[in-house]
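**Student:** Quick one: the structure is below, questions incoming.
The values are calculated or read from the model by the stated rules, or taken from the named source; none is laboratory data. As the structure is a prediction and not an experimental result, all values here were calculated from the model. We place every Cβ from the backbone using ideal geometry, glycine too, and count neighbours over all the protein chains shown. Accessible surface areas use protein heavy atoms only, side chains included; no ligands, DNA or RNA. Shrake-Rupley method; radii C 1.70, N 1.55, O 1.52, S 1.80 Å.
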Number of protein chains: 2
Amino acid sequence: MTDDPAAWLAERARAYRYEVTQVPLGELPRWHLGDDLAHDTRRFFTIEGIAVETNFGRVPRWTQPIINQPEIGILGFLYKRIAGVPHLLAQAKMEPGNRVMVQLSPTVQATPSNYTRVHGGRATPFLERFLGDTRGRVLVDLLQSEQGSRYLRKRNRNMIVEVKGDEELALDAEFRWLSLHELRALLASGRKLNMNARTVLSCLPYDPTSEPPARDAFREAVVTSHLAADDDELARTLSWLADRKTELAIDVRRIKLGELDQWICDRDSIRHASGNFFRVIGVEVTAAEGREIAAWKQPMFAPVHPGTIAFVCQRRAGRLEFLVQARAEPGFIDRVELGATLQVSPANYARREDMPPFAELLACPPEWVRFRAEQSDDGGRFYHDDALHLVIEVPENEPIVAPPTFRWVTLGILRRLMRCGYLVDIEARSLLTCLS
Amino acid sequence: MTDDPAAWLAERARAYRYEVTQVPLGELPRWHLGDDLAHDTRRFFTIEGIAVETNFGRVPRWTQPIINQPEIGILGFLYKRIAGVPHLLAQAKMEPGNRVMVQLSPTVQATPSNYTRVHGGRATPFLERFLGDTRGRVLVDLLQSEQGSRYLRKRNRNMIVEVKGDEELALDAEFRWLSLHELRALLASGRKLNMNARTVLSCLPYDPTSEPPARDAFREAVVTSHLAADDDELARTLSWLADRKTELAIDVRRIKLGELDQWICDRDSIRHASGNFFRVIGVEVTAAEGREIAAWKQPMFAPVHPGTIAFVCQRRAGRLEFLVQARAEPGFIDRVELGATLQVSPANYARREDMPPFAELLACPPEWVRFRAEQSDDGGRFYHDDALHLVIEVPENEPIVAPPTFRWVTLGILRRLMRCGYLVDIEARSLLTCLS
């Protein structure tokens, strides 16, 4: 085994043989396209239609397909201090939707259907440390939302559970303890930590003592911003968010796929008449590792155009603050969550003036960019869905006028908000992990 | 003006003249019974159908009418220390559904439709202290769920806003500053504080220094139970609740009223074929105060049988703990919240063995009862819906076996859970206020 985590991950990727090809939806055995697209067991997930009416954004009403997956999965990292340094147990895992198919996932990612093994299959390693009487010491256990534009009220359980420092776990080849420092380096190069790993890591309480010395003024400002989180400002931010929830209206009604407007549903795929947004496609997967071979077909969501998510930050009154927006999405548990400054697929917009606020900052001077890497979305449901993750620091002397649905917050406030669940969306959490 | 708050409230009640009569649904002008029951402006609220499938409780699937009222209302008390003693500004308010029609409400109860005055009407007094730039110092600002069996994902904003001690407010006759002690005495006699007042008061941070000296061993144990709220126990309780959310499944689908099964929808009312549960009826209201006269007709939910909600508590390892249950209700924001030990309308059950756990404690020895008073539900939507509120202390030597969906918690833990919103249901909050 190599010492370099990136080399180890590359080695793990070579241990897998896999082939993923697109197939027509009509060729998915046991999946039926009717009022919804469902497996004949009606397990896993279904793809349904929703009709949305809202006063948020520029489009007052639309219909779209959405994934209904009511099960709450566990996304869990084991945590251990090795020689005093926090380490997390990562798993090299193949997910068929990702362009870079083998990435690091949490120690465990499993739904109740997986772990009660209703479908057969092998036991999930380390699951017992997250469940029932054998559960270890819990550092994090938070329900957090998933993509509100793709999933109908889906949430997962983000967990970090401690293993005692003197306890040695027997590890299969796909598992490895990595320090936060090593994880950070992998994040910076992009497409090496999967979305589940990023969302769980975002929930890890910030511990300045486990940080390496700041390498530059920006890293130093990030540390200070993490420590700025007073009770009064938190209360004001929650009141501001309640104001936004009160103003924003969104009505979501589940409809039949046949009632979708402007969407074409046929044996090939489900796609928008404009050619934009995303398509629901079929994929055929064959994966082999050693002597184990698995083959299956399933539907996936494939974005038509690549997306970008960006945090805009600025030093304000001496401290680094981040511009978040109160976003309404049809699949959110409670309609509005805090999102990144910008979340956009520019090619979906015919006219520049329809683009969301701050889209012009995508063309900012390169010296403003503090983080830039592509990261993959959930490769179990989304096909070739890599989003550019950007953190842009706008110089102090550049005025930024934020609309009322936007607010400047410190990282400390953002982290305290996350402790409640359903307040900070998954894209913002993914960016937050890239920052920390 | 009399000094005794109960006498003042009775005097206020005499200042109103009102008449409330039941009328057939078909005689409500501008309300239309079709796929739903809606006002022709489609404002206010609609009554729709839902189809529920769940693994919670004894009934795996049913349909029912439910109220869809997406607006988030403000329920707000002004707060002021008078001679060092916390006081809240209560309003004597008529609500047509209540048997005792004039009760104390928060200073403000208003929806955005009210306060933006889209229907005309007079301005809401003190509203500006809860909104925008004129908002006072916020002590409480929490979104909390409403009745999950009657409302589809409804929540209100529970607010307490401070007025500076030296600021004198001009008060109309229906307003009065009342100390916590005075409010408590009114609560004990029943049907004097409305549901909105009770839910907001439940969110007031517990301040042992503002408590009168404990009058007896039970009050003393309540104070101690409030102070027991350590971080580890909170984390364990949240993990337990996440376990319950993971196990419990509930699917809620909005359907047309005509698709309701076992429910009769006609010009008279919407009612269950068994004669049980509740009816949707029409009411005609005429109310006069001084020279102002208002008259309107609206639908309301009328329970067929009266309900009881009860907390069971017990001294365990020397401290007073309360038995809460993880309840799934179709209208909850996130499927499961903590509810009181028992929430039941016994007459809905044909057989004693179908009753929920702990129903037998309703026949407990009278010396176990620590609180007993009838309290009214929201008299703006519910007709003659008074629920008996009970707190029962089971002696230490009586063993209680709690099913896995139940858990013993201290009042301190329950209050910390409430700070997140959507974790403690409205019936439990109402009981908590009666206790404190």
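**Student:** Say each of B:Asp354 and A:Arg14 gets a label point 7 Å from the Cα, pointing the same way as Cα to Cβ; how far apart are those two points in nm?
**Tutor:** 6.7
**Student:** Using the basic label-point model (7 angstrom from Cα toward the beta carbon), what is the A:His305 to A:Leu388 distance in nanometres?
**Tutor:** Here the answer is 1.3 nm between the modelled labels.
**Student:** Using a Förster distance of 45 Å, how high is the FRET efficiency between B:Glu211 and B:Val100, based on the Cβ-Cβ distance and rounded to 0.05?
**Tutor:** For R0 = 45 Å, the calculated efficiency reads 0.95.
**Student:** Once every DSSP H run of n ≥ 4 in the protein assembly as shown is given -39500 (n - 2.57) and the sum is divided by its residues, what mean residue ellipticity at 222 nm do you get, rounded to the nearest 500 deg cm²/dmol?
**Tutor:** Numbers: 16 runs with 158 residues, N = 872.
Result for the protein assembly as shown: -5500 deg cm²/dmol, rounded to the nearest 500.
**Student:** Which order, highest average first, do B:22-31, A:328-337 follow once you tally other Cβ atoms within 10 Å for each residue and take the mean per peptide? All intermediate terms of the calculation are to be shown ahead of the outcome.
**Tutor:** Details: B:22-31: 14.6, A:328-337: 23.4.
The peptides rank, most packed first, as A:328-337, B:22-31.
**Student:** When the Cα atoms of chain A are enclosed in a convex hull and the volume is divided per residue, what value in Å³ results? If you can, show how the numbers build up before the last one.
**Tutor:** Values: hull volume 64.7 nm³, N = 436.
With only Cα atoms used, chain A gives 148 Å³ per residue.
**Student:** Please compute, for the alpha-carbon atoms of the stretch A:157-268, the extent along each of the three principal axes and give them in descending order in Å.
**Tutor:** 57, 47, 30
**Student:** May I ask which residue of B:Ala287, B:Pro213, B:Asn276 lies farthest towards the positive end of the charge dipole of chain B, with charges of +1 (Lys, Arg) and -1 (Asp, Glu) on Cβ and the Cα centre as origin?
**Tutor:** Selected residue: B:Ala287.
**Student:** Normalise the Debye intensity by I(0) for the protein assembly as shown, one equal point scatterer per Cα, no solvent, then take log10 at q = 0.08 Å⁻¹ and round to two decimals.
**Tutor:** The Debye formula, applied to the Cα set alone, gives -0.77.
**Student:** Still on this structure: Please work out the Cα center distance from the stretch A:313-382 to the stretch B:234-300, rounded to the nearest Å.
**Tutor:** 40
**Student:** With a 1.4 Å probe on protein heavy atoms only, work out how much accessible surface A and B bury together, total over both chains, in Å² to the nearest 100. Intermediate values should be presented prior to the final figure.
**Tutor:** Details: alone 19330 and 19410 Å², together 36300 Å².
What A and B bury together is about 2400 Å².
**Student:** With a bin width of 10 angstrom, please list the P(r) values of the stretch B:86-185 as percents of all Cα-Cα pairs, from the 0 bin to the one holding the largest distance.
**Tutor:** Going out from 0 Å in 10 Å bins, the stretch B:86-185 shows 12, 39, 39, 9, 0 percent.
**Student:** Rounding to the nearest 20 debye, state how big the charge dipole of the protein assembly as shown is about its Cα centre with +1 on each Lys and Arg Cβ and -1 on each Asp and Glu Cβ.
**Tutor:** On the way: 112 positive and 118 negative charges, 95 e Å.
Computed charge dipole of the protein assembly as shown: roughly 460 debye.
**Student:** When the accessible area of chain A is computed with all protein chains present and a 1.4 Å probe, what percentage of it is carbon and sulfur?
**Tutor:** Details: 9080 of 18110 Å².
Roughly 50 percent of what the probe reaches on chain A is carbon or sulfur.
**Student:** Express in % the proportion of alpha carbon pairs of the stretch B:227-296 at distances exceeding 19 Å. Spell out each step's value before the answer.
**Tutor:** Numbers: 1643 of 2415 pairs.
Counting pairs separated by more than 19 Å, the tail of P(r) holds 68 percent.
**Student:** May I pose another question? Hey, which of these cross-link pairs are over 18 Å Cα-Cα: A:Lys154/B:Lys245; B:Lys80/B:Lys164; B:Lys164/B:Lys192; A:Lys256/B:Lys256? Don't skip to the answer; put the middle values down first.
**Tutor:** Numbers: A:Lys154/B:Lys245 12 Å; B:Lys80/B:Lys164 6 Å; B:Lys164/B:Lys192 27 Å; A:Lys256/B:Lys256 14 Å.
Pairs exceeding the cut-off: B:Lys164/B:Lys192.
**Student:** Once the label point is set 7 Å along the Cα-to-beta-carbon vector, what list of distances in nm do you get between B:Pro395 and its counterparts in the other copies?
**Tutor:** Output for B:Pro395: 8.0 nm, nearest copy listed first.
**Student:** Per 0.36 nm of contour for each residue apart, how much would the distance between B:Asp172 and B:Val59 grow if the chain were fully extended, relative to their Cα-Cα spacing? Walk me through the intermediate numbers first.
**Tutor:** Details: separation 113, 0.36 × 113 = 40.68 nm, distance 4.98 nm.
Answer, rounded to one decimal: 35.7 nm.
**Student:** Oh, and also: State, as an integer percentage, the relative contact order of the stretch B:305-373 based on alpha-carbon contacts under 8 Å between residues 6 or more apart.
**Tutor:** Working: 72 pairs, mean separation 20.4, N = 69.
Dividing the mean separation by the residue count of the stretch B:305-373 yields 30 percent.
**Student:** Follow-up. Can you work out the PRE-style zone for A:Arg372? Point 7 Å along Cα to Cβ, and I want the residues of the stretch A:179-206 with backbone N under 17 Å.
**Tutor:** Hits in the stretch A:179-206 for A:Arg372 at 17 Å: A:188-191.
**Student:** What residue of chain A has the nearest C-beta to the axis that moves A onto B, and what is that distance in Å, given as a whole number?
**Tutor:** Reported as residue, whole Å: A:Cys420, 2.
**Student:** A further question on this structure: To the nearest whole percent, what portion of all C-alpha pairs in the stretch A:137-176 is separated by more than 15 angstrom? The partial results should precede the final answer.
**Tutor:** Details: 492 of 780 pairs.
Roughly 63 percent, rounded to a whole number.
**Student:** Still on this structure, please answer the following. Percent of Cα-Cα pairs more than 16 Å apart in the stretch A:354-436, please. Before the final figure, lay out each step's value.
**Tutor:** Details: 2208 of 3403 pairs.
Here the long-distance tail beyond 16 Å is 65 percent of all Cα pairs in the stretch A:354-436.
**Student:** What FRET efficiency comes out for A:Trp240 versus B:His32 if R0 is 41 angstrom and r is the Cβ-Cβ distance? Round to the nearest 0.05.
**Tutor:** Numbers: r = 38 Å, r/R0 = 0.93.
It comes out at approximately 0.60.
**Student:** Can you give the net charge of the other residues whose Cβ lies under 11 Å from the Cβ of A:Val424, counting K and R as +1 and D and E as -1? Don't skip to the answer; put the middle values down first.
**Tutor:** Working: positive: A:Arg327, A:Arg415, A:Arg416, A:Arg419, A:Arg429; negative: A:Glu337, A:Asp425, A:Glu427.
Counting the neighbours of A:Val424, the net charge comes to +2.
**Student:** While we're on this one: What Kirkwood radius, in Å to one decimal, follows from the Cα pairs of the stretch A:268-396?
**Tutor:** On the way: mean 1/r = 0.0578 Å⁻¹.
Hydrodynamic radius (Kirkwood, Cα pairs) of the stretch A:268-396 is 17.3 Å.
**Student:** Between the DSSP loop rule and a limit of at most 16 other Cβ atoms within 10 Å, which trypsin sites (Lys or Arg not before Pro) in the stretch A:242-329 are left? Kindly include the intermediate steps, with their values, before the conclusion.
**Tutor:** Working: sites: A:Arg244, A:Lys245, A:Arg253, A:Arg254, A:Lys256, A:Arg267, A:Arg271, A:Arg279, A:Arg291, A:Lys297, A:Arg315, A:Arg316, A:Arg319, A:Arg327; in loops: A:Lys256, A:Arg267, A:Arg291.
Passing both the DSSP loop test and the Cβ count: A:Lys256, A:Arg267, A:Arg291.
**Student:** Here's a follow-up. How are the alpha carbon pair distances in the stretch A:20-59 distributed across 5 Å bins from zero to the largest one, expressed in percent?
**Tutor:** Taking every Cα pair in the stretch A:20-59, the percentages come to 6, 18, 21, 16, 12, 9, 11, 7, 0.
**Student:** Output the direction-averaged projected area (hull surface divided by four) of the convex hull of the alpha-carbon atoms of the stretch B:389-434, in nm². Could you put the intermediate results ahead of the total?
**Tutor:** Values: hull surface 16.2 nm².
Answer in nm², one decimal: 4.1.
**Student:** Related question: How large is the charge dipole for the stretch A:311-436, taken about the Cα centre, if only the Cβ atoms of Lys, Arg (+1) and Asp, Glu (-1) carry charge, to the nearest 20 debye?
**Tutor:** Working: 15 positive and 18 negative charges, 109 e Å.
So the dipole magnitude of the stretch A:311-436 works out to roughly 520 debye.
**Student:** A further question follows. Tell me the label-point distance for the pair A:Glu284, A:Arg43, using the 7 Å Cα-to-Cβ offset, in nm and rounded to one decimal.
**Tutor:** If labels sit at A:Glu284 and A:Arg43, their model points lie 2.4 nm apart.
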